[in-house]
Structures are given as C-alpha cells and as structure tokens.
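Notes for the one structure printed next.
Throughout, read-outs are computed from the coordinates displayed, never taken from laboratory work. What you see is a predicted model; the values in this text were computed from it and never measured. Note: ideal-geometry Cβ built from the backbone for every residue, glycine included; neighbour counts use all protein chains shown.
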Amino acid sequence: MLQLQAIRDSKNNIINALKKRNIDATTIVENVLELDEKRRATQTKLDNTLAESNKLSKEIGMLFKTGKAQEATILKEKTVALKEESKTLTEDLNTAAEELQQLLYQIPNIPHESVPPGSTDEDNEEVFKEGSIPKLNKNALPHWELAKKYDIIDFELGVKITGAGFPIYKGKGARLQRALISYFLDKNTEAGYTEMQVPHLVNEASGFGTGQLPDKEGQMYHIGADNLYLIPTAEVPVTNLFRNEIIKESDFPICYTAYTPCFRREAGSYGAHVRGLNRLHQFDKVEIVRVEHPSKSFDALDSMVEHVKNILRELKLPYRILRLCGGDLGFTAALTFDFEVFSTAQDRWLEISSVSNFETYQANRLKLRYKDENGKNQLAHTLNGSALALPRVLAGILENYQTEDGIEIPEVLVPYCGFSKID
RNA sequence: GGAGAAAUGGCAGAGUGGUCGAAUGCGGCAGUCUUGAAAACUGUUGAGGGUCACACCUCCGGGGGUUCGAAUCCCUCUUUCUCCGCCA
C-alpha cells in the first residue's frame, strides 16, 4: 500500500511512474486525494464536536460534585444534540476511511526507476547469464518421462490421493527433495539467514499484510470453517512476523530463511507448459526474507541476487537473470529479478527464483516500522526471494544431468543424498 | 470437548464511573559523578489522526451497548492460564 503522504506530496510523479505498469492511475489517485480531503475534514469536525462534549461532561461532573444538580441537568440537555452530531460524523468518517482504504489497496507499488518498460515477459531484460548448456544425446527426455522411467515421481498416484498438481515423490526422488531442502537451508544459514519454522496456514490479517489479499484472493486455498488460508509462499508467515512491530534501528538487517510447502490454486493455467513439475498446486520452497533500513535495501537486494547466483553455480545449472519489466512486475514489488534455469530437454527457460524489493509497500500495510535516530517511527523496507523453489530445480537437474545410464547427482548434493546417481 | 480465572504502556504491575493516557518498579534514552565503566542521583521515555507549530481528537485484547461522562458497568467474540477429559 502506498503512503498517503507520498500521494499527497507527489501525485504526478506517482501517476507517471505507474505508467510503466501500463496503468493510468490518474482517476484513482484523484479519487484518493478527494476522499482523503473529505476524511480529514470530517475528522476535524468530529474532533471539535467531541472536544465540546468532553468539556461539557467535565462541567457536569463539577456541578454534581458541588451539589448544583439543576444546572447540571440543563447542561445535560445540551449534550444530546452533540451526541447525535458525533454519531453521524463518526459514520461518515468510517465510510470515508473504508472507501479510502479500498482504493489504496487497488494501487500497486511504484516501479523502481531501473524497471524497464514493457507489457509481457517478452519485455523482461536479461541482465546476466552463466553456465554451459549441456549437450544431451538424441534420446534425451523431459523430466516427466525421466520421473516415470526411474520411478521417482508418481503424478497419477497424486491424482488419486488429491488431484492434479499434487505429485508423489518416491525413493530417490523423495530423498533428492529432502537433500535440496537441507542444502538450501544450509547455504542460507551460512550466508547469515536465521532458519525459521512457521505455520503453513495463516489468518486473513496476514494475507492482507503481505498483499496477497485482496489482490490474489482466488489464488489461495481457503479453509472456510476456520477462515484460514494455506500459504502460497513462506513470505506470508515470515514477513508477517513483523506485523505491527516497531523495531530498533540496530536490529537491521533482519535475515530469515524458512522451508515450507507452498499451495497455489493456479486457477486458469492449463496447457503444455504446466506438464510435470512445471506448475503444481503444492510444491516445496526455501525462502529468504529480509527487513532492511530504507537506505540499505537495494544493497540487500543485490546481495540476495549474488547469494542465489552462488547456489546455482554450485549446482552447475545454466541460468540467466531477468529484470522484470513494468507489465510483468508483481503488484507489491518495486523491483524484481527472476532467475531462470535452462532446461535442455524441454528447450525452454524455467523460472526458479524471484527476488524482490518491496520498499515500504508491504511495511505500510504491515505497520512495520523502526525508530530512526531522532526517535521518529519510519517504515522499514521488506525483501524476499526464493532460495530456491524445488520443483523446477529438480526438473533442471533431472533434464540437464541425464546420461545414457542414469541421472548424475550434482556434486554438492551427493553428501545430502547419500548416492551419486539415479538409475 | 467440560468447568473456572484472566487480558492495562518494551516488560512487570496498580487502577471498579469524572481529578486516568493511566501510579509504581524494571528496562530504554539523556545528563551529573568517574580516567572509563558500574553504582548512585536527576530528567526523559506508548501509538495513531490533526496542525507551519500548538490546540484538539482517538486508542487500556477486538466489536457492540448503558451513561452527560467508561480502563472501570453490560453483551459478544478472540486469546491466555488453571483443573478435568482426549491425544501425536
């Protein structure tokens, strides 16, 4: 959520910046400012009414105390009108505040100045590329075929138990999953991230805190009986740890990592690109989350990008980094770098990580603040990234490491797996 | 799931209708003393709205009500604790 003060101060800059998202925000911003005026005017009126009423109440109290009950009764009558008035004003105020809030929820974050223009993923800017693409033999298979051939993932069995998009990992497949999780967590911990275990269900307030609600309502699994949501990413519970917190400046930087399963309804995605592990309703991910001082958040973003690079280097997977264009940028992000691994067998890039700076957008909703050197409360910056999402890393490994007689395990994972080949 | 008790500032904890945004202690911050630190002493120390700045308004778990006036009374929800039951 954008800060009202920022909209008041630099309305035109905001409207201009949002054009990068291919949005004309003129009307909504003007409506916001109008409602804000109205809200403040109503607030002032209400405050004055209440002030008068408080004053009278005090006088009545004094009169009763000094035994002047009759005079008190006269004053009491005067308060009746004030009460009526304040009731109406309170209702007006609540309506205006609620409408204002609804409008603010609809405005996405301001893209960072480095965000390139564009409307689709075609327009994302490749900023880095590394690793060699292996030469596979003619019989190279996509991962869903490999999974079947070596009996390590059973998609049909998952359909029986739950439905499409809920695979069953078996034997060495399951072990490889566990190895990846441990390996990622270890790498993140080494880099200074504190490991956390968090709930996989969150309440409504948490959904609003990080911006999944109301924007992506339909993408989360919702448990009606308890009004809870299955998390689409660990970002939600981990970032919400700081909801309504005022932290000390000396607490920066805050670096957390967490492994969780992620649940996404993925309503409306079908077709060839969702085969196998490419798009699932439940998948595993190790996430990194940071809370930073505003002056340090872009350095932090860079260091997160470097960190993910290092992991991919160690796994020896060919990858590239994209700076997302305005049209592809998530609703709440100011700047996002996507990592994609090249899948030789599918001959396409697979997104495996997304690292973003949200600046104050989430912090404003979360009321996540820190005390600056003058003792004033300021909004912090939040960031997060995947380090990493499992299924497509797994797909990348299976497809890029396949040989005639089995799938090699990347060297760094062998100690975690306890085997060096799937055959 | 059943019965009872409770929820107040960073923490602990007073406050049962007006003088309460709220005693006191601890913690935090600033200062005095000290070569420095500790101790001691002095001052200061919640959040939001509003204002150029004040004034002023709101907030004592959430929501609603009674009253001229609510931290204090009533209703309701949530959470926590104790006991019982069940159980990984």
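Observations on the model:
- Just so you know, the Cα atoms of segment A:341-381 work out to an Rg and Dmax of 18.7, 58 Å.
- Relative contact order for chain A, counting Cα pairs under 8 Å that sit 6 or more residues apart, in percent: 20 percent
- All-pairs Cα distance distribution in segment A:90-174, expressed in whole percent, bin size 10 Å: 12, 18, 16, 24, 19, 9, 3, 0
- Modelled FRET efficiency - R0 35 Å, A:A97 with A:K376, Cβ distances, 0.05 increments: 0.90
- Per-q log10 I(q)/I(0), segment A:193-252, q = 0.26, 0.29 Å⁻¹ (Debye; single scatterer per alpha-carbon; no solvent): -1.10, -1.28
- Kirkwood radius and radius of gyration were both taken over the C-alpha atoms of chain A, and their ratio Rg/Rh is 1.11.
- Cα-based helix-to-principal-axis angle, A:26-65 vs chain A, degrees rounded to 10: 40 degrees
- Crossing angle, helix A:69-106 versus chain A [Cα axis fit, 0-90 degrees, rounded to tens]: 20 degrees
- For segment A:92-240, the number of Lys pairs separated by eight or more positions or lying on different chains, with C-alpha atoms closer than 14 Å, is 4.
- Spherically averaged projected area in nm², based on the convex hull that wraps the Cα atoms of segment A:64-127: 9.1 nm²
- Considering all C-alpha pairs of segment A:197-355, those separated by over 20 Å amount to 58%.
- Across segment A:292-423, Cα-Cα pairs more than 24 Å apart make up 42 percent of the total.
- Per the Cα gyration tensor, segment A:146-209 maps to an equivalent ellipsoid with semi-axes of 28, 22, 7 Å, ordered largest to smallest.
- Mean projected area of the convex hull spanned by the Cα atoms of segment A:334-411, taken over all viewing directions: 7.6 nm².
- When Rg and the Kirkwood radius Rh are both evaluated on Cα atoms of segment A:25-174, their ratio Rg/Rh stands at 1.43.
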